[in-house]
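K.L.:
First the structure, then my questions, so here it is.
Just so it is clear, none of the values below were taken in a lab; they were calculated from the coordinates. Since the model is a prediction, treat every value here as computed from it, not as a measurement. Here the Cβ is made from the backbone with ideal geometry for all residues, glycine too, and neighbour counts use every protein chain on show.
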Amino acid sequence: MTGNVKVLNQASYQQWDHYIDNHPRGTFYHLSGWKQLIEQVYRHQCHFFYYLDGDNITGILPLVEQKSILFGHSLISMPVCVLGGVIADNIEIESALLLEAKLLAQTLNVDYLELRSPNKSDDIPAGFIEPESQNHVMIGCTLADSDQAILAGIKKKQRAVIRQSFKNQLTIKFETDIENVYRIYSTSVRNLGTPVFPKKSFVALKEIFKDRCEILTIFNGETAVSSVMSFYYKGHVLPHYGGGLTQARGLKSNDFMYYSLMCHAREKGCHYFDFGRSKVDSGSYKYKMHWGMEQRPMYYQYCLVGAKELPSLSANNPKYQFVINVWRRLPLAVSQLVGPMLARHLG
């Protein structure tokens, strides 16, 4: 390891986060809290590199090692999160951090090193591949100045759906307990054939990110039918874990929930609604595009080490279809028990 590149420890968390807070490309998913979460809950080895110039951090690169019999051995910035990658004050520092990452990948003999970036690289780092076709996009929109203006900015058909939801006597509650959001979210992902993240990760997110983490739940009478856990950072609201029960479709409670969150976030001073990552042409992608939001491609970059070709962990991969179809039929309690053992290697 070069003399200027250091490995993050608890003593430097505050300095690391200060750098993220003040760097224009620093995102919520670069914060040190994710290191705490991933080590405590997922038990993955974290390698968070930073570049020290004198007493100042001038670049960072968070990496997480994942090792699984089913999904292989990888080094990713950042799993569980939708974004990651290197940020630095200049290209020389960025190159030094990437060199350290490649050396680590070779030492660990991983299959590949993966960087997730919201920006296309004008100059792809040496040794990395940027696929010509990027399958994921980020979706979001600027928040207008009033509830009425936010509604007016939504596509006509989706706006009509939201207006229908107003007639269903739905109510909003902001919760500190994770029981409703976890039950509803785990039901939603089970129905999609996807393993759910462990319940203790939701507890840890509330504990680690505190006021930056918020749960909004929609009730139909006494029944919680939709819920979302969101994060707040740099004027953005990021609904990260959300879903609805079967009756949510008829009640339009998911639509009511996201519109209500947009209005609430504007009142809290947010200026952007970040609807997160979706795979192009997936169900979530089509739903989000009904809102009329902008989409921005994500740029994944790979450095192949042990692997001969780029990874393909997509749910659209034919070899996973049988497992997905079986998973959808599992009892919820079984999916909540087994799912976290698989989900810790996904995302």
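K.L.:
Charges only on Cβ, +1 for Lys and Arg, -1 for Asp and Glu: so what's the dipole of segment 138-297 about the Cα centre, in debye to the nearest 20?
P.N.:
Working: 24 positive and 14 negative charges, 107 e Å.
The dipole of segment 138-297 has a size of about 520 debye.
K.L.:
Hey, another quick one. Past 23 Å, Cα to Cα: identify those pairs from Lys200/Lys268; Lys102/Lys308; Lys173/Lys199; Lys157/Lys252, in the order given.
P.N.:
Values: Lys200/Lys268 28 Å; Lys102/Lys308 16 Å; Lys173/Lys199 20 Å; Lys157/Lys252 13 Å.
Distance filter (> 23 Å) returns Lys200/Lys268.
K.L.:
Something else: Suppose we keep just the alpha-carbon trace of segment 153-237; what are its Rg and Dmax in angstrom?
P.N.:
14.7, 40
K.L.:
Please compute, for the alpha-carbon atoms of segment 20-92, the extent along each of the three principal axes and give them in descending order in Å.
P.N.:
For segment 20-92, the Cα extents along the three principal axes come out at 41, 22, 21 Å.
K.L.:
How big is D, in µm² s⁻¹, for segment 174-319 by Stokes-Einstein at 4 °C and 1.567 mPa s if Rh is the Kirkwood radius over C-alpha pairs? All intermediate terms of the calculation are to be shown ahead of the outcome.
P.N.:
Numbers: Rh = 16.8 Å.
The calculation lands on 77 µm²/s.
K.L.:
Something else: Around Glu294, what is the net charge, scoring Lys/Arg as +1 and Asp/Glu as -1 over all other residues with Cβ under 15 Å from its Cβ? Mind dumping the intermediate values first?
P.N.:
Numbers: positive: Lys155, Arg277, Lys288, Arg296; negative: Asp274.
Result for the local shell: +3.
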